[in-house]
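The structure appears right after this line, and notes come after that.
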Amino acid sequence: MNLQQAHRWFFYADWTMLAVGVLALVLSLGFSTYTLFPRNKGRRKAVFFRAFVCFATFALMLVIQASVTIPWINQQWTPLRIVLFASPVVAILGGLLGSIYYGTRAFTRYGGKQRRQAVFRSLIGFCICGIGIAPHAITMLIPLVTAEDRGNRPGTLAQIGEPLPDFGLTTLDGIPFRTLDSRGQVIVINFFATWCGPCQLELPQLQAVWDEFRNDENFQMLVIGREESDETLRAIQSQNGFTFPMAADPDASIYGRFATQSIPRTFLISDQGIIVHEWTGAYEDEISKLKRLLGKELERVRTNNAVNQSGEARRF
């Protein structure tokens, strides 16, 4: 199941829940109106109770709708968000358990018509609670049942498996960098911007990658500031203690060879100049994956170099 299919199932469940909520509100208004007729005075208490149950169902569905909207507005799991998201779940689970208990007890305490009525009510309660909890369940399961493709997203021009676009620039340290001159080395290229929050979260993780692999002669890293100046990048470098190579792309001309939208973007390029991995966004698991792939690429380069050196030695 991909992410689009999972979202489709979520909206199916969400609209079903809203339909049940609207139906419950209509029934609540209908029962309430029914109690106002003088001829129904004797049944007023029972009908009013039904109106109250229907209105409580509507209110519960409304609260659930607000609760499942939270993850789409705020992606961070704050304590308040956890409470707002989990509270309806607790109430619904209580309703499910209550419905099961009520239906089970009907077989031991009641008989005939009374038993059938009790089982019917328990089934209605179980269905309502099941419909209510479905959007929550799908929201929690989406990360587990979908394999999100963070590479080659819309706007990506330099696709995985394609050659690295040719470009050249000079780093803040005054060292020229050109992709064609870097063949034979494994390269990590990152595009970021100072105004981008996820970029700021990702830069310290890239520093950890640089610290781990910087001493390998087959490794290069370049962090490029899209539409940034040298002065701005030097200030960021000084404030945060970044030691990885940085360069400015003030007119986004270099970024325009890789993508048309969205940052941060990170590319892993093999020693043959082929993009072997790419992702858009800031994700801790992607940094771990980058380290693993980077280690494999560097090991492959070292092995190939050793084989080539051994072959040359035998020739002489």
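Every read-out reported here was derived from the displayed coordinates using simple, explicitly stated rules and does not represent laboratory data. Bear in mind the structure is a predicted one, so any value in this text is a computation, not a measurement. Cβ atoms come from the backbone with ideal geometry, glycine included; neighbour counts cover every protein chain shown.
Between T33 and L157, what is 0.36 nm times their sequence separation minus the Cα-Cα distance? Round to one decimal in nm. Don't skip to the end; give the middle numbers.
Values: separation 124, 0.36 × 124 = 44.64 nm, distance 6.25 nm.
Full-extension gain reported as 38.4 nm.
Compare W210, W195, W279 in a GNM of the chain, Cα atoms joined below 10 Å, and give the one with the largest fluctuation.
W195
Between N304 and D285, what is the label-point separation in nm under the 7 Å Cα-to-beta-carbon projection?
With each label placed 7 Å out from Cα toward Cβ, I get 3.0 nm.
How many percent of DSSP beta bridges within the chain run antiparallel, rounded to 5?
The answer is about 60 percent antiparallel.
Hydropathy first: keep DSSP H helices in the chain averaging at least -0.5 on Kyte-Doolittle, then drop any whose Cα extent along the axis falls short of 18 Å, and list what survives.
Those that pass (Cα extent of 18 Å or more, hydropathy at least -0.5) are 3-34, 44-73, 79-109, 112-145, 197-213.
Any idea what diffusion coefficient the chain gets from Stokes-Einstein, in µm²/s, Kirkwood Rh on alpha carbon pairs, 25 °C, 0.890 mPa s? Don't skip to the answer; put the middle values down first.
Numbers: Rh = 24.6 Å.
For these conditions, the coefficient is 100 µm²/s.
Does anything in segment 246-275 have its amide N under 20 Å from the 7 Å Cα→Cβ label point of S229, and if so which residues?
Backbone N within reach: 246-255.
If the convex hull of the alpha-carbon atoms of segment 168-315 is projected onto planes in all directions, what is the mean projected area in square nanometres?
Working: hull surface 35.9 nm².
That works out to 9.0 nm², a quarter of the Cα hull's surface.
Around S270, under 14 Å between beta carbons, what's the net of Lys plus Arg minus Asp minus Glu among the other residues? Numbers along the way, then the final one.
Values: positive: R183, K296, R300, R302; negative: E162, D271, E278, E297, E299.
Result for the local shell: -1.
Run the numbers on the chain and let me know its relative contact order in percent, using alpha-carbon pairs under 8 Å that are six or more apart.
It rounds to 17 percent for the chain.
Per-residue ellipticity at 222 nm for the chain, helices alone: DSSP H runs ≥ 4 residues times -39500 (n - 2.57), over residue total, nearest 500 deg cm²/dmol?
The helix contribution divided over the chain gives -21500 deg cm²/dmol.
Sequence gap at least 6, Cα distance under 8 Å: using those rules, report the relative contact order of segment 168-315 to the nearest whole percent. Let's see the in-between values first.
Values: 216 pairs, mean separation 43.3, N = 148.
Computed value for segment 168-315: 29 percent relative contact order.
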